Amino acid sequence: MPKQLNRVEVGQDPKGVLSREAECVKWDDPKGIKWLVADMVKTMGDNWGLAAPQVGISLRLFVVSGELTRKGRPLVFINPELTLGSTTFKSSEGCLSILDEDGKPNPFQVERPREIRITFDDADGVRRTLGMRELRLLARKGKEGLRNLIRTLCHENDHLDGVLKGGQAL
C-alpha cells in the first residue's frame, strides 16, 4: 500500500489508472486496506464520494460521504458489484477528475437507474448486499436522499470500471 495519497492532477492520469478497469482488492494486507480507507475518507473532504483510481490506485474500492446517510457515517465499498434497474432518472453530476479552469468539478448530465442492488466487501472483508429496502433505510430521508446515494454509488463504481461521465470513457 502507498504511504501517502496524492489526488491525480486535473487532466492528468500518469499511470493510466482512470482509464482502465481497477483490480480486485486482495485481503492479504487488511491493515493497509483500513489505512487506505481512512485516508480516502479524509481526502474525500466534503465531497460525496471518492474512488481509489482518483488517487492513482488501481483498486476496486470507493468511499461515500456520511452526509448521504441517516447516521452520518461514511460508507466503504470494496470489490463492489452493481445490478442496475431498468428505469432511469436524469442526474447532474460533478467529478473531482473532471475539473474546470478554476479547479471546480465541471457538471455534466447523465442517466442513472432508479433502483440498484450492490454486493460488496465492507472494511472488515465481510461480503454484504444492499437492495433497495436497505438503501432506503440507509439514505437520508426522502426521494432526493435516496437518489443522491444511488447516483453516488453508480458514479464511484464507474471510476472502478475506467469510465467517466456516466458511461463515457476518459
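The values are calculated or read from the model by the stated rules, or taken from the named source; none is laboratory data. These figures come from a predicted structure and were not determined experimentally. Positions of Cβ are backbone-derived with ideal geometry, glycine not excepted, and every protein chain shown enters the neighbour counts. Ligands, DNA and RNA are stripped out before the accessible areas are found, and what is left, the full protein with its side chains, is counted by its heavy atoms. Shrake-Rupley method; radii C 1.70, N 1.55, O 1.52, S 1.80 Å.
Some observations on this one:
- Among the residues of region 111-147, the ones that are out of contact with any Phe, Trp or Tyr (no Cβ under 7 Å at 6 or more places or on another chain), open to solvent by less than 90 Å² (accessible area, probe 1.4 Å) and assigned to a helix (DSSP H, G or I) come to 6 in all.
- Of the listed requirements (1) open to solvent by 40 Å² or more (accessible area, probe 1.4 Å); (2) over 20 Å from Arg147 (Cβ atoms), Ile98 misses just one: (1).
- Residues of region 64-113 classified as over 14 Å from the mean Cα position of the chain (by Cα) and on the phi > 0 side of the Ramachandran plot, total: 2
- Looking only at region 1-56, residues that are assigned to a loop (DSSP other than H, G, I, E, B) and either of a type outside the set (A, V, I, L, M) or at pLDDT 90 or above (or both) come to 26 in all.
- For region 125-143, residues that are closer than 26 Å to Asp46 by Cβ and touching a residue at least 12 places away in the same chain (Cβ under 8 Å) total 7.
- For region 59-69, the criterion of being part of a helix (DSSP H, G or I), small (Gly, Ala, Ser) and at pLDDT 90 or above is satisfied by at least one residue.
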